[in-house]
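To start, the structure itself, in structure tokens.
What follows draws every value from the coordinates through simple rules; no lab data is involved. Since this is a predicted model, take the numbers as computed values, not measurements. Cβ sites come from the backbone with ideal geometry, for glycine too, and all protein chains shown count toward neighbours.
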Amino acid sequence: MKWLALLLLLAGCDTFDYASAVADRPDVRDRADCQWADVGGGFEQAQCSPVFAAFDASADEWERGGVGDFDIAQTEIFGAPFYQLWYSGKGENGHDIGTAASVDGIAWKRHPWNPVVRRGNFAGAFDRDDASVACVAYDGSTGVYHLWYRGTNTSAAGLTLGHATSTDGLIWNKDLLNPVDPLSGVDVTMSEFLTCDAALSDDVIQLWIGGLRVPTGLGSPEQAIQEADYVLAHASTIDGAFFEVTDHLVLAPSRGDAFDARGVNAPSVFRFGDAGDLDEWWMLFEGYEDLTVEASAELGATRVVPTASRIGWASTSSPGGVWERVDELPLPLDFSGADLAHNPRVFFLSGRITTFFADSFVDPLTGELREGIGLSVAPFPEVVE
């Protein structure tokens, strides 16, 4: 396995004792070189964050412009924890996709083959101008990784969704059917697919999809701001390119003056419970209180975007069911203090929810705020009492 040599490097030695790693597995908070801050509701944030950013010393030139959207797969290798990260790195002319690995979620090693997914190299490619991570799933029954990613071609279809597969997370084969449409033929309208999360259930990949919904026939950007919102839909797939679509939205904005009044996006799902007294499916998501319109250099047009972002959570008894919010208030996850927390990626590990999420952090070289990935942990289910 190509990642095994990199895992040994992460361990800092020539040999790695997996049995000892399991027996002595520390709580991630026990790392001596990282302090943790209690931010309420049982949540603690790692003060050594960002754990991954474009201004890391190990960052390469192709990604120096910024780390964008990302997804993480958490697996076990001989009983030891192993995290794989796929992230959008920004270069001079757009994003490509790189990968990194970690045994603790804090110290990451970029792969020397980065970027592992590059933009299309011909004029008609749907991803000619940009390739950015939407979500990743690993199907352990087939040994196949699935990547869904946003592709941009400003002279053609604009922003669409692509699919690629890999057996090692490094060498990816783009689907010949690209771009794919998870909501094709169903009246769950989105004008842009932006984010997703995937989970394997009974040999079927469950896919939750976030995107922008803009009513047709609007005459001005001002009308778009008033009527547009971000919503979540659901589909299932076996091969990643053809989908069975749930014919209703699974989560919509709260409206009113709620933190997610105008949009819900960037779903991240984990399972806990047995669908009895406690729901089995749990989701963290971005919530938007308000929207605005801004110019997009990547699309060569204006876009509806949120003015701020906070993280909320919801649960349901079935993956395609209508999700109910656990709380009307956002989770206390916010490193910058400026309501910029977004793109949560959550795991249920050792009785806790471990959450990676994007936020703004100070670049130590320039003093400017730049996007990076932060880390938090919280007990579960005590936090929902």
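Numbers below:
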{"quantity": "Pairwise centroid distance, computed over Cα atoms, of segment 326-383 with segment 51-74, Å", "calculated": "16"}
{"quantity": "Rounded, prolate or oblate (a/c below 1.5 giving rounded, otherwise prolate when a/b exceeds b/c) for segment 227-385 by Cα gyration tensor", "calculated": "oblate"}
{"quantity": "Per-pair calculated FRET efficiency, R0 = 25 Å: Arg271 and Ile238 via Cβ, rounded to 0.05", "calculated": "0.80"}
{"quantity": "Stretch gain in nm, segment Asp202-Phe348, where the contour uses 0.36 nm per residue and the Cα spacing is subtracted", "calculated": "50.7 nm"}
